[in-house]
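Notes to accompany the following structure.
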Amino acid sequence: MYTGRTVFPQVMDYLPMRDFRKCVERYSGNYQVKSFSCLDQFLCMAFAQLTYRESLRDIEVCLRSMHEKLYHLGIRGNIARSTLAYANENRDWRIYADFCHILIHQARSLYKNDDFGIELDQTTYALDSTTIDLCLSLFPWATFRKTKAAVKMHTLLDLRGNIPSFIKITDGKVHDVNILDILVPEPGSFYIMDRGYLDFERLYIFTQLLSFFVIRDKSNTNVNRIYSHPVDKSTGLKYDQTVMLANPGSLKNYPDKLRRVKYFDAERNKRFTFLTNNFLLPAITIAMLYKCRWQIELFFKWIKQHLRIKSFFGTSENAVKTQIWIAIAVYVLVAIIKKRLNMDISLYTILQILSVTIFEKAPLIQLLTNYNYKNYPKIENSMSNQLTLFDF
(Lines give C-alpha, C1' and ligand atoms only; values in the text may rest on other atoms or scores of the structure.)
Protein backbone atom coordinates (compact mmCIF):
# COMPACT_ATOMS: atom_id res chain seq x y z
CA MET A 1 0.00 0.00 0.00
CA TYR A 2 1.32 3.45 -0.97
CA THR A 3 1.64 5.67 2.12
CA GLY A 4 3.42 8.63 0.56
CA ARG A 5 2.11 11.98 -0.65
CA THR A 6 -1.34 12.83 -1.94
CA VAL A 7 -1.99 13.49 -5.61
CA PHE A 8 -2.32 17.29 -5.39
CA PRO A 9 1.29 18.01 -4.28
CA GLN A 10 2.53 15.49 -6.85
CA VAL A 11 0.80 17.55 -9.54
CA MET A 12 2.20 20.80 -8.13
CA ASP A 13 5.72 19.32 -8.19
CA TYR A 14 5.75 20.06 -11.93
CA LEU A 15 5.55 23.79 -11.21
CA PRO A 16 8.84 25.73 -11.45
CA MET A 17 8.60 27.25 -7.97
CA ARG A 18 11.76 29.29 -8.33
CA ASP A 19 10.24 31.09 -11.30
CA PHE A 20 6.99 31.54 -9.39
CA ARG A 21 8.81 33.29 -6.56
CA LYS A 22 10.51 35.58 -9.08
CA CYS A 23 7.11 36.54 -10.50
CA VAL A 24 5.82 37.29 -7.00
CA GLU A 25 8.87 39.43 -6.20
CA ARG A 26 8.57 41.29 -9.51
CA TYR A 27 5.18 42.72 -8.50
CA SER A 28 5.69 42.69 -4.69
CA GLY A 29 2.88 40.19 -4.34
CA ASN A 30 3.70 39.24 -0.75
CA TYR A 31 4.30 42.79 0.46
CA GLN A 32 2.84 43.14 3.99
CA VAL A 33 1.23 39.69 3.66
CA LYS A 34 1.36 37.74 6.94
CA SER A 35 -0.63 34.55 6.58
CA PHE A 36 -2.03 33.97 3.07
CA SER A 37 0.72 34.19 0.47
CA CYS A 38 0.49 34.33 -3.32
CA LEU A 39 1.42 30.66 -3.41
CA ASP A 40 -1.49 29.84 -1.08
CA GLN A 41 -3.77 31.81 -3.38
CA PHE A 42 -2.48 30.03 -6.48
CA LEU A 43 -2.82 26.57 -4.90
CA CYS A 44 -6.38 27.28 -3.73
CA MET A 45 -7.40 28.55 -7.17
CA ALA A 46 -5.66 25.63 -8.88
CA PHE A 47 -7.50 23.26 -6.52
CA ALA A 48 -10.77 24.94 -7.56
CA GLN A 49 -9.95 24.37 -11.24
CA LEU A 50 -8.92 20.73 -10.80
CA THR A 51 -11.94 19.79 -8.68
CA TYR A 52 -14.58 21.95 -10.41
CA ARG A 53 -15.46 24.16 -7.43
CA GLU A 54 -18.27 26.60 -8.12
CA SER A 55 -17.75 29.37 -5.54
CA LEU A 56 -15.49 30.70 -2.82
CA ARG A 57 -17.69 29.07 -0.19
CA ASP A 58 -17.34 25.79 -2.07
CA ILE A 59 -13.53 26.11 -2.00
CA GLU A 60 -13.54 27.00 1.69
CA VAL A 61 -15.79 24.09 2.74
CA CYS A 62 -13.84 21.50 0.75
CA LEU A 63 -10.40 22.60 1.92
CA ARG A 64 -11.44 23.06 5.55
CA SER A 65 -12.86 19.55 5.57
CA MET A 66 -9.32 18.39 4.79
CA HIS A 67 -7.60 20.79 7.20
CA GLU A 68 -5.24 18.10 8.51
CA LYS A 69 -3.90 17.62 4.96
CA LEU A 70 -3.49 21.29 3.98
CA TYR A 71 0.11 21.55 5.15
CA HIS A 72 1.07 18.55 3.04
CA LEU A 73 -0.75 20.10 0.08
CA GLY A 74 1.56 23.09 0.33
CA ILE A 75 -1.09 25.49 1.71
CA ARG A 76 0.26 27.27 4.78
CA GLY A 77 -2.32 30.03 5.26
CA ASN A 78 -5.73 29.86 6.87
CA ILE A 79 -8.52 29.12 4.41
CA ALA A 80 -11.39 31.61 4.45
CA ARG A 81 -13.47 32.82 1.55
CA SER A 82 -13.02 36.46 2.64
CA THR A 83 -9.24 36.05 2.60
CA LEU A 84 -9.26 34.40 -0.82
CA ALA A 85 -11.68 37.03 -2.15
CA TYR A 86 -9.41 39.82 -0.90
CA ALA A 87 -6.37 38.16 -2.50
CA ASN A 88 -8.16 37.84 -5.85
CA GLU A 89 -9.23 41.48 -5.71
CA ASN A 90 -5.84 42.94 -4.70
CA ARG A 91 -2.96 40.65 -5.72
CA ASP A 92 -1.66 41.78 -9.09
CA TRP A 93 -2.97 39.48 -11.84
CA ARG A 94 0.28 39.95 -13.76
CA ILE A 95 1.99 37.63 -11.26
CA TYR A 96 -0.04 34.72 -12.60
CA ALA A 97 0.10 35.94 -16.19
CA ASP A 98 3.91 35.97 -16.13
CA PHE A 99 4.04 32.59 -14.42
CA CYS A 100 1.62 31.17 -16.98
CA HIS A 101 3.92 32.34 -19.78
CA ILE A 102 6.79 30.46 -18.13
CA LEU A 103 4.69 27.28 -18.13
CA ILE A 104 3.73 27.94 -21.75
CA HIS A 105 7.41 28.19 -22.70
CA GLN A 106 8.08 24.82 -21.06
CA ALA A 107 5.06 23.18 -22.71
CA ARG A 108 5.92 24.46 -26.18
CA SER A 109 9.44 23.06 -25.91
CA LEU A 110 7.93 19.65 -25.03
CA TYR A 111 5.45 19.69 -27.93
CA LYS A 112 7.64 21.33 -30.58
CA ASN A 113 8.08 18.11 -32.56
CA ASP A 114 4.43 17.02 -32.46
CA ASP A 115 2.49 16.59 -35.67
CA PHE A 116 -0.66 18.65 -36.27
CA GLY A 117 -1.81 16.98 -39.47
CA ILE A 118 0.30 18.85 -42.05
CA GLU A 119 3.94 18.21 -42.90
CA LEU A 120 5.35 21.64 -42.25
CA ASP A 121 8.63 22.50 -40.56
CA GLN A 122 7.68 26.06 -39.64
CA THR A 123 5.81 27.00 -36.47
CA THR A 124 2.11 27.41 -37.19
CA TYR A 125 -0.31 29.52 -35.16
CA ALA A 126 -4.06 30.05 -35.18
CA LEU A 127 -5.30 33.46 -34.02
CA ASP A 128 -8.82 34.08 -32.76
CA SER A 129 -10.81 35.32 -29.77
CA THR A 130 -13.66 34.06 -27.61
CA THR A 131 -16.21 36.14 -25.73
CA ILE A 132 -17.07 35.37 -22.11
CA ASP A 133 -20.45 36.86 -21.23
CA LEU A 134 -20.83 38.66 -17.89
CA CYS A 135 -23.56 40.43 -15.96
CA LEU A 136 -23.44 44.19 -16.55
CA SER A 137 -24.60 45.09 -13.03
CA LEU A 138 -21.82 42.99 -11.45
CA PHE A 139 -19.06 43.71 -13.99
CA PRO A 140 -19.64 47.34 -15.09
CA TRP A 141 -15.98 47.72 -16.13
CA ALA A 142 -16.33 45.02 -18.84
CA THR A 143 -18.07 47.18 -21.43
CA PHE A 144 -19.65 45.34 -24.34
CA ARG A 145 -23.24 46.36 -25.10
CA LYS A 146 -25.86 48.56 -23.48
CA THR A 147 -27.42 45.69 -21.54
CA LYS A 148 -24.54 43.23 -21.48
CA ALA A 149 -20.97 42.97 -20.22
CA ALA A 150 -18.25 40.67 -21.51
CA VAL A 151 -14.54 40.07 -21.70
CA LYS A 152 -12.65 38.80 -24.72
CA MET A 153 -9.79 36.35 -24.56
CA HIS A 154 -7.61 36.90 -27.62
CA THR A 155 -5.47 33.82 -28.13
CA LEU A 156 -2.62 32.81 -30.41
CA LEU A 157 -2.58 29.00 -30.38
CA ASP A 158 0.48 26.97 -31.31
CA LEU A 159 -1.01 24.09 -33.32
CA ARG A 160 1.75 21.73 -32.17
CA GLY A 161 0.18 20.55 -28.94
CA ASN A 162 -2.57 23.22 -28.92
CA ILE A 163 -0.63 25.36 -26.45
CA PRO A 164 -1.63 29.06 -26.23
CA SER A 165 1.51 31.10 -26.88
CA PHE A 166 -0.11 34.53 -26.50
CA ILE A 167 -3.20 35.61 -24.57
CA LYS A 168 -4.65 39.09 -24.17
CA ILE A 169 -7.74 39.68 -22.01
CA THR A 170 -9.74 42.80 -22.90
CA ASP A 171 -13.28 44.08 -22.52
CA GLY A 172 -15.81 42.94 -25.09
CA LYS A 173 -15.68 46.12 -27.18
CA VAL A 174 -12.11 45.63 -28.39
CA HIS A 175 -12.19 44.48 -32.01
CA ASP A 176 -10.19 41.41 -32.95
CA VAL A 177 -8.09 43.21 -35.55
CA ASN A 178 -6.60 45.53 -32.90
CA ILE A 179 -4.66 42.60 -31.46
CA LEU A 180 -2.47 42.64 -34.58
CA ASP A 181 -1.01 45.91 -33.26
CA ILE A 182 0.26 44.07 -30.14
CA LEU A 183 1.34 40.83 -31.79
CA VAL A 184 4.99 40.56 -32.85
CA PRO A 185 5.19 38.15 -35.83
CA GLU A 186 7.97 35.57 -35.83
CA PRO A 187 9.96 35.37 -39.09
CA GLY A 188 9.18 32.21 -41.02
CA SER A 189 6.09 31.30 -38.97
CA PHE A 190 2.56 30.86 -40.32
CA TYR A 191 -0.43 32.72 -38.87
CA ILE A 192 -3.90 31.44 -39.69
CA MET A 193 -6.73 33.93 -39.20
CA ASP A 194 -10.39 34.39 -39.95
CA ARG A 195 -11.61 37.33 -42.06
CA GLY A 196 -12.20 39.45 -38.93
CA TYR A 197 -8.44 40.14 -39.01
CA LEU A 198 -8.41 41.28 -42.64
CA ASP A 199 -6.63 44.64 -42.48
CA PHE A 200 -4.09 45.09 -45.28
CA GLU A 201 -2.02 47.73 -43.52
CA ARG A 202 -1.51 45.43 -40.54
CA LEU A 203 -1.02 42.34 -42.71
CA TYR A 204 1.72 44.06 -44.67
CA ILE A 205 3.75 44.17 -41.45
CA PHE A 206 3.75 40.35 -41.51
CA THR A 207 5.25 40.44 -45.00
CA GLN A 208 7.86 43.00 -44.00
CA LEU A 209 8.86 40.84 -41.02
CA LEU A 210 9.13 37.74 -43.26
CA SER A 211 6.16 36.01 -41.62
CA PHE A 212 3.41 34.21 -43.51
CA PHE A 213 -0.33 34.57 -43.08
CA VAL A 214 -3.31 32.59 -44.36
CA ILE A 215 -6.52 34.52 -43.98
CA ARG A 216 -10.03 34.09 -45.28
CA ASP A 217 -10.95 36.70 -47.88
CA LYS A 218 -14.01 38.94 -47.79
CA SER A 219 -16.48 38.93 -50.65
CA ASN A 220 -16.04 42.68 -51.31
CA THR A 221 -12.25 42.58 -51.74
CA ASN A 222 -11.37 43.90 -55.20
CA VAL A 223 -8.28 42.43 -56.84
CA ASN A 224 -6.62 42.40 -60.25
CA ARG A 225 -5.55 38.95 -61.39
CA ILE A 226 -1.97 38.82 -62.64
CA TYR A 227 -1.51 35.10 -63.20
CA SER A 228 -3.47 31.86 -62.75
CA HIS A 229 -1.62 28.74 -61.68
CA PRO A 230 -2.79 25.25 -62.69
CA VAL A 231 -4.71 23.32 -60.00
CA ASP A 232 -6.06 19.82 -59.57
CA LYS A 233 -9.80 20.46 -59.32
CA SER A 234 -10.46 16.92 -58.10
CA THR A 235 -8.99 18.00 -54.74
CA GLY A 236 -11.61 20.73 -54.32
CA LEU A 237 -9.42 23.57 -55.54
CA LYS A 238 -11.11 26.05 -57.87
CA TYR A 239 -8.22 28.36 -58.65
CA ASP A 240 -4.80 29.52 -57.50
CA GLN A 241 -4.06 33.09 -58.53
CA THR A 242 -1.41 35.75 -58.09
CA VAL A 243 -3.21 39.07 -57.60
CA MET A 244 -2.73 42.72 -56.71
CA LEU A 245 -5.26 44.76 -54.75
CA ALA A 246 -7.41 46.92 -57.01
CA ASN A 247 -8.67 49.49 -54.51
CA PRO A 248 -6.20 52.44 -54.37
CA GLY A 249 -6.46 52.72 -50.60
CA SER A 250 -5.88 49.00 -50.06
CA LEU A 251 -3.04 48.99 -52.59
CA LYS A 252 -1.34 51.81 -50.71
CA ASN A 253 -1.57 49.77 -47.49
CA TYR A 254 -0.39 46.55 -49.16
CA PRO A 255 1.69 47.43 -52.26
CA ASP A 256 2.83 43.87 -52.92
CA LYS A 257 1.51 40.76 -54.64
CA LEU A 258 -0.87 38.36 -52.89
CA ARG A 259 -1.88 34.81 -53.58
CA ARG A 260 -5.58 33.99 -53.74
CA VAL A 261 -6.77 30.38 -53.42
CA LYS A 262 -10.37 29.23 -53.73
CA TYR A 263 -11.41 25.88 -52.29
CA PHE A 264 -14.69 23.97 -52.26
CA ASP A 265 -15.38 21.96 -49.11
CA ALA A 266 -17.59 19.07 -50.23
CA GLU A 267 -18.37 18.00 -46.66
CA ARG A 268 -19.87 21.37 -45.73
CA ASN A 269 -20.94 22.28 -49.28
CA LYS A 270 -19.22 25.63 -48.88
CA ARG A 271 -16.68 27.68 -50.84
CA PHE A 272 -13.75 29.41 -49.18
CA THR A 273 -11.39 32.01 -50.61
CA PHE A 274 -8.04 32.56 -48.92
CA LEU A 275 -5.38 35.22 -49.20
CA THR A 276 -1.76 34.50 -48.33
CA ASN A 277 1.69 35.98 -48.86
CA ASN A 278 3.27 32.55 -49.28
CA PHE A 279 3.86 31.50 -52.90
CA LEU A 280 5.86 28.30 -52.28
CA LEU A 281 3.44 25.89 -50.60
CA PRO A 282 1.01 23.90 -52.77
CA ALA A 283 -2.43 25.45 -53.01
CA ILE A 284 -4.06 22.44 -51.33
CA THR A 285 -1.72 22.90 -48.35
CA ILE A 286 -2.90 26.50 -48.00
CA ALA A 287 -6.49 25.25 -47.85
CA MET A 288 -5.61 22.52 -45.34
CA LEU A 289 -3.75 25.06 -43.17
CA TYR A 290 -6.90 27.13 -42.84
CA LYS A 291 -8.82 24.00 -41.97
CA CYS A 292 -6.44 23.56 -39.01
CA ARG A 293 -7.73 26.88 -37.68
CA TRP A 294 -10.64 24.89 -36.29
CA GLN A 295 -8.29 23.69 -33.53
CA ILE A 296 -8.54 27.05 -31.79
CA GLU A 297 -12.34 26.82 -31.82
CA LEU A 298 -12.06 23.41 -30.16
CA PHE A 299 -9.60 24.88 -27.64
CA PHE A 300 -12.07 27.60 -26.66
CA LYS A 301 -14.89 25.09 -26.38
CA TRP A 302 -12.71 22.76 -24.28
CA ILE A 303 -11.58 25.32 -21.72
CA LYS A 304 -15.10 26.71 -21.33
CA GLN A 305 -16.45 23.24 -20.66
CA HIS A 306 -13.67 21.88 -18.42
CA LEU A 307 -12.19 24.96 -16.70
CA ARG A 308 -13.83 27.57 -14.48
CA ILE A 309 -13.72 30.66 -16.73
CA LYS A 310 -17.45 31.26 -17.27
CA SER A 311 -18.47 31.86 -13.64
CA PHE A 312 -16.13 33.94 -11.53
CA PHE A 313 -15.22 34.07 -7.84
CA GLY A 314 -14.84 37.88 -7.89
CA THR A 315 -16.30 40.80 -9.81
CA SER A 316 -13.33 43.14 -10.23
CA GLU A 317 -11.14 43.21 -13.32
CA ASN A 318 -8.19 41.97 -11.29
CA ALA A 319 -10.16 39.00 -9.91
CA VAL A 320 -11.43 37.99 -13.34
CA LYS A 321 -8.00 38.15 -14.96
CA THR A 322 -6.44 36.29 -12.04
CA GLN A 323 -8.93 33.44 -12.38
CA ILE A 324 -8.53 33.19 -16.16
CA TRP A 325 -4.72 33.17 -16.01
CA ILE A 326 -4.63 30.53 -13.27
CA ALA A 327 -7.12 28.43 -15.26
CA ILE A 328 -4.85 28.60 -18.33
CA ALA A 329 -1.85 27.78 -16.11
CA VAL A 330 -3.65 24.64 -14.89
CA TYR A 331 -4.45 23.67 -18.50
CA VAL A 332 -0.80 24.07 -19.52
CA LEU A 333 0.38 22.26 -16.37
CA VAL A 334 -1.77 19.24 -17.21
CA ALA A 335 -0.36 19.31 -20.77
CA ILE A 336 3.18 19.31 -19.31
CA ILE A 337 2.36 16.36 -17.04
CA LYS A 338 0.89 14.43 -19.94
CA LYS A 339 4.02 14.88 -22.01
CA ARG A 340 6.56 14.26 -19.27
CA LEU A 341 4.81 11.09 -18.13
CA ASN A 342 4.36 10.05 -21.78
CA MET A 343 0.63 9.49 -21.28
CA ASP A 344 -1.43 8.43 -24.29
CA ILE A 345 -4.67 9.81 -22.86
CA SER A 346 -6.52 13.08 -23.38
CA LEU A 347 -6.28 16.14 -21.17
CA TYR A 348 -9.97 15.70 -20.40
CA THR A 349 -9.35 12.20 -19.03
CA ILE A 350 -6.45 13.42 -16.90
CA LEU A 351 -8.57 16.21 -15.43
CA GLN A 352 -11.41 13.82 -14.66
CA ILE A 353 -9.06 11.43 -12.86
CA LEU A 354 -7.45 14.25 -10.87
CA SER A 355 -10.82 15.68 -9.87
CA VAL A 356 -11.78 12.54 -7.92
CA THR A 357 -8.33 11.46 -6.67
CA ILE A 358 -6.84 14.77 -5.58
CA PHE A 359 -6.65 13.71 -1.90
CA GLU A 360 -5.71 10.10 -2.57
CA LYS A 361 -2.31 8.76 -1.54
CA ALA A 362 -1.18 7.01 -4.69
CA PRO A 363 1.57 7.53 -7.28
CA LEU A 364 0.35 9.91 -9.95
CA ILE A 365 1.65 7.82 -12.84
CA GLN A 366 -0.15 4.76 -11.46
CA LEU A 367 -3.48 6.58 -11.35
CA LEU A 368 -3.07 7.84 -14.91
CA THR A 369 -1.94 4.45 -16.22
CA ASN A 370 -4.54 2.14 -14.66
CA TYR A 371 -7.63 4.23 -15.37
CA ASN A 372 -8.90 2.41 -18.45
CA TYR A 373 -11.87 0.20 -17.77
CA LYS A 374 -11.36 -1.41 -21.18
CA ASN A 375 -8.29 -3.16 -19.82
CA TYR A 376 -10.41 -5.25 -17.49
CA PRO A 377 -11.76 -8.58 -18.80
CA LYS A 378 -15.32 -8.53 -19.96
CA ILE A 379 -17.64 -10.78 -17.95
CA GLU A 380 -19.99 -12.73 -20.13
CA ASN A 381 -23.40 -13.99 -19.01
CA SER A 382 -23.03 -12.35 -15.60
CA MET A 383 -26.04 -12.15 -13.32
CA SER A 384 -27.36 -8.67 -12.71
CA ASN A 385 -29.21 -7.32 -9.72
CA GLN A 386 -31.14 -4.99 -12.01
CA LEU A 387 -34.71 -6.16 -12.50
CA THR A 388 -35.84 -6.75 -16.09
CA LEU A 389 -38.86 -4.96 -17.38
CA PHE A 390 -40.12 -7.78 -19.55
CA ASP A 391 -39.71 -11.55 -19.33
CA PHE A 392 -39.02 -13.29 -22.61
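The values are calculated or read from the model by the stated rules, or taken from the named source; none is laboratory data. Computed from a prediction, not measured in an experiment: that's the story for all the values here. FYI the Cβ positions are ideal-geometry reconstructions off the backbone, even for glycines, and counts take in every protein chain you see.
A few remarks follow.
- Here the range 12-54 is the region considered, the condition is being under 24 Å from the mean Cα position of the chain (by Cα) and of a type in the set (S, T, N, Q), and the residue that is surrounded by the fewest Cβ atoms within 10 Å (Cβ to Cβ) is THR51.
- Filter pass, ILE345 being at negative phi and at pLDDT 95 or above: no
- Identity of the residue in the range 118-148, touching a helix residue (DSSP H, G or I) at 6+ places or on another chain (Cβ under 9 Å) and of a type in the set (A, V, I, L, M), that ends up farthest from LEU298 (Cα to Cα): ALA142
- Condition check for ASP40: free of Cβ contacts under 8 Å to residues at least 60 places away in the same chain and either farther than 25 Å from HIS105 by Cα or in the same structural domain as GLU360 (by TED's automatic domain parsing) (or both): yes
Condition check ((1) at pLDDT 90 or above; (2) farther than 27 Å from GLU317 by Cβ; (3) assigned to a helix (DSSP H, G or I); (4) out of contact with any Gly (no Cβ under 7 Å at 6 or more places or on another chain)) across all residues:
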| site | (1), (2), (3), (4) |
| --- | --- |
| ASP40 | yes, no, yes, no |
| ALA46 | yes, no, yes, yes |
| LEU70 | no, yes, yes, yes |
| GLU89 | yes, no, yes, no |
| ALA97 | yes, no, yes, yes |
| HIS105 | yes, no, yes, yes |
| SER109 | yes, yes, yes, yes |
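- Selection of the range 130-184 for residues being of a type in the set (Ser, Thr, Tyr), more than 17 Å from VAL332 (Cα to Cα) and not in a loop (DSSP other than H, G, I, E, B) yields THR130, THR131, THR143, THR170.
- From ARG308, ARG268, residue being within 25 Å of ILE102 (Cβ to Cβ) and not in a helix (DSSP H, G or I): ARG308
- Scanning the range 87-124 for residues that are in contact with a strand residue (DSSP E or B) (Cβ under 9 Å, 6 or more places away or on another chain) and basic (Lys, Arg) returns ARG108, LYS112.
- Test for ASP194: is it under 31 Å from the mean Cα position of the chain (by Cα), free of Cβ contacts under 8 Å to residues at least 40 places away in the same chain and surrounded by fewer than 19 Cβ atoms within 10 Å (Cβ to Cβ): no
- Yes/no for THR285 being assigned to a helix (DSSP H, G or I) and in the same structural domain as ARG216 (by TED's automatic domain parsing): yes
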